[in-house]
1. When a footprinting reagent is the concern and you count Cβ atoms within 10 Å, what order do Ser73, Ser57, Ser314 take, fewest first?
2. Can you tell me how region 20-59 classifies by the Cα gyration tensor, rounded, prolate or oblate, using a/c under 1.5 as the rounded cut?
3. Beyond a 27 Å Cα-Cα separation, which of these cross-linked pairs lie in this structure: Lys17/Lys189; Lys198/Lys254; Lys110/Lys198?
4. I'm checking a number: the convex hull volume of the Cα atoms of the chain, normalised per residue, in Å³. What is it?
5. Counting Lys and Arg as +1 and Asp and Glu as -1, what is the net charge of the other residues whose Cβ lies under 12 Å from the Cβ of Ser266?
6. Run the simple label-point estimate for Thr207 and Glu327 please: 7 Å along Cα→C-beta, distance reported in nm.
7. Cβ under 9 Å from Ala46's Cβ, Ala46 left aside: what net charge do those residues give with Lys, Arg +1 and Asp, Glu -1?
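Nothing in this text is a laboratory measurement; each read-out follows from the coordinates by a stated rule. Not measured: the values here are computed from a predicted model. Here the Cβ is made from the backbone with ideal geometry for all residues, glycine too, and neighbour counts use every protein chain on show.
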Amino acid sequence: MTEPSYLSLHRSGELIKRAEMLNELLYSCNICPKDCNVNRVENNIAACYSGYLPIVSSYCVHHGEEPVLSGCSEEENDHGIGNIFFGNCNLRCVYCQNYEISQNHKSEIKNEVSIERLAEIMLEHQSKNVNAIGLVSPTHFVPQIVSALVIAAENGLRLPLVYNTNSYDSVEVLILLDGIIDIYLPDLKYSDNEYGYKFSKVKDYATHAKNAILEMYRQIGSKLVLENGILQRGLVIRHLILPNDFAGSRETLKFISELDKNISISLMSQFYPVHKALEIELLSRNIREREYEKVFDLMEEFGLENGFMQEFESESYYRPDFNDRTEPFKR
């Protein structure tokens, strides 16, 4: 297996330096674009409803990610990805399928874990022979994750890390992750800042997300490095099709194509109305087949040929149930 990049940083002592630099940012927290400036080291609560300790709402082997991550059932690489679902979030998406853990901070506080325990979870996943460690909604806990990685690497962790993010990330923080993260899996939710505020309750989402993706691309480029069909290093941009084109798919795909037509896209049709979307008329339905086909046509129009596309009926396949924290995604 290709050695993950963070191991060379660990051997040189650079990994622990990065962890220290990231932790410094928590004293006046600016690890995401919200720039709360609260002292999370002293456990003051930021706008993400999180203090110092990371919240691990669930961790499990997941077989529902892109085939280059999870593996294919007809091949020997179908080991899944070892996902760690971090509680709370710096967005408040009205349609979040993980809302039970992302927007329920009063309940999720009980799932705080120590840095040492987070390292143990990474190693537990590795013992199950998964393909990678998936960090799901990691943005607001990046310093704690890298501190845990120092411990895990010292104890034999050798799997690549997947940074599965909503892309409301700080470029300054992403620069400190250069050489630590081998696989970036960012969302590009909207092309219009207005809809980012209306449906995810943050300012300038599109601006910050595009800047974040530009930095991820600078680090990784568009080439996917595969080994036995499994991704070892690369960038895959996810785009969720929304009803009534609130995602602004044309402008989103145009932005990606102008950056690099070889970038891999994961086009997702799994939207289904949940949480507060049920009360919003223009979001309270599944996408229509014509909306799905229109975005597929845009991929062709902009010459984006690499990546993955969910089947139209996929909204029924990817529904988590976090009442079962050990296996929220049934195979």
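1. Fewest to most other Cβ atoms nearby, the residues stand as Ser73, Ser314, Ser57.
2. On the way: a/c = 1.66, a/b = 1.43, b/c = 1.16.
Note, shape of region 20-59 comes out prolate.
3. On the way: Lys17/Lys189 33 Å; Lys198/Lys254 23 Å; Lys110/Lys198 30 Å.
Checking Cα-Cα distances, Lys17/Lys189; Lys110/Lys198 exceed 27 Å.
4. Numbers: hull volume 39.7 nm³, N = 331.
Each residue corresponds to 120 Å³ of Cα convex hull volume.
5. Values: positive: Arg238; negative: Glu65, Glu66, Asp187.
Overall, the nearby charge balance is -2.
6. In this crude spin-label approximation the distance works out to 4.7 nm.
7. Details: positive: Lys34, Arg40; negative: none.
Combined, the nearby Lys, Arg, Asp and Glu give +2.
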